[in-house]
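Below is one structure; the comments refer to it alone.
A short reminder: the numbers here are calculations on the coordinates, not readings from a lab. Since we're looking at a predicted model, the values are computed, not measured. Note that we place each Cβ from the backbone using ideal geometry, even for glycine, and neighbour counts take in every protein chain shown.
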Amino acid sequence: MEPCGGSAVRRWGAALTASAAAIAVALPSANAQAAAGPPGIAAKGAFLLDSDANRSLWGKAADTRRQMASTTKIMTAVVVVDDHATELNRRVKIKQSYRDWVQRNQASTADLRTGDELTVRQLLYAMMLPSGCDAAYALADAFGDGATEQERTASFVARMNEKARSLGMSNTHYDSFDGISAGGGNYSTPRDLAKLARHAMGDRTLMTVMKSLTTQQKAANVNRLYTWYNTNKLLGSYQGVLGIKTGSTRAAGPCLVFAARRSGRTVVGVVLDDRTGRYPDAAKMLDYAYGERTSLKLRQLPTGAHED
């Protein structure tokens, strides 16, 4: 004889089993979701965002923290344009310490010359196109608080972290103004970087800078003309691409934050630690978002142009 209510218990258990099976069908696993996205993405972390709707389209380890290399400079630029929009024509004098920083770290550079004066707007071009760490240093030093360069740049980085918190970038931390991270405490996630990119694209000045293929800028105090090329080879190679920023270090691997606009629809994408092809992966992701199939022929940078 079975215990009182045994049949009811068995029926209840069977119902739970059936419900669990239904949920399993209705909510596919993370692996199934990834498989439903663009095929063959080699990046360790990736994310696609419909910017207009602020809606996730696809992700791969989208919330895993990774070093982000020079994509850090997006936040450097955002702090400048958000907090100092009226100072874009302010002149900043280039110090030898900025050049020494680049040399010491073998970092990407805009080859700014000691003693030259450039406006803040010009320094944004110098930072975002050739990925000049010297330009990033100049901006952090100019807008940070303190009596020394070390104090000023540290306070600027603190403001970068404040801005990240205000934008809801809960898995992001900055320990540098340019992505050179001695201790590895400069990290973000694909999802957080997409949030940042979407915010950055709301600033007209910054958007103009980030989508420029090349620019020529004359120093304000001497007869010197700088020519800078955008290190982002996806720009000019895939229809509708608007920028945004490359990055690459040994620790972070090749990284790319990108955006495109087609048929009135803007899509933002991120790939982190993509050691086999960040640009082809970005194109595949955009093709997935737009339902396209694009043959990609990358724009080549001129001989001697900086790569990042």
Given the condition touching a helix residue (DSSP H, G or I) at 6+ places or on another chain (Cβ under 8 Å), assigned to a strand (DSSP E or B) and in contact (Cβ under 8 Å) with a residue 24 or more places away in the chain, answer yes or no: does some residue in the range 291-307 qualify?
no
Restricted to the range 268-280 and to residues being touching a Leu at 6+ places or on another chain (Cβ under 6 Å), crowded, with 24+ Cβ neighbours inside 10 Å and of a type outside the set (G, A, S), the residue farthest from A200 (Cα to Cα) is R278
Might you check whether a residue that is within 16 Å of the chain's Cα centre (by Cα), buried (at least 20 other Cβ atoms within 10 Å of the Cβ), assigned to a loop (DSSP other than H, G, I, E, B) and free of Cβ contacts under 8 Å to residues at least 40 places away in the same chain occurs anywhere in the range 254-267?
no
Members of the range 41-100 that are in contact with a Pro (Cβ under 7 Å, 6 or more places away or on another chain) and either farther than 23 Å from R262 by Cβ or of a type in the set (A, V, I, L, M) (or both)
G45, A46, A62
Answer yes if at least one residue in the range 174-192 is over 13 Å from the mean Cα position of the chain (by Cα), among the acidic types (D, E) and farther than 30 Å from R55 by Cα, and no otherwise.
no
Inside the range 100-115, the number of residues satisfying the requirement of being touching a helix residue (DSSP H, G or I) at 6+ places or on another chain (Cβ under 6 Å) and farther than 19 Å from A69 by Cβ is 2
Does D100 count as under 20 Å from Y174 (Cβ atoms), acidic (D, E) and either surrounded by fewer than 22 Cβ atoms within 10 Å (Cβ to Cβ) or under 16 Å from the mean Cα position of the chain (by Cα) (or both)?
no
Can you pull out every residue in the range 160-180 that is outside any loop (DSSP other than H, G, I, E, B) and surrounded by fewer than 21 Cβ atoms within 10 Å (Cβ to Cβ)?
N161, E162, K163, R165, S166, H173
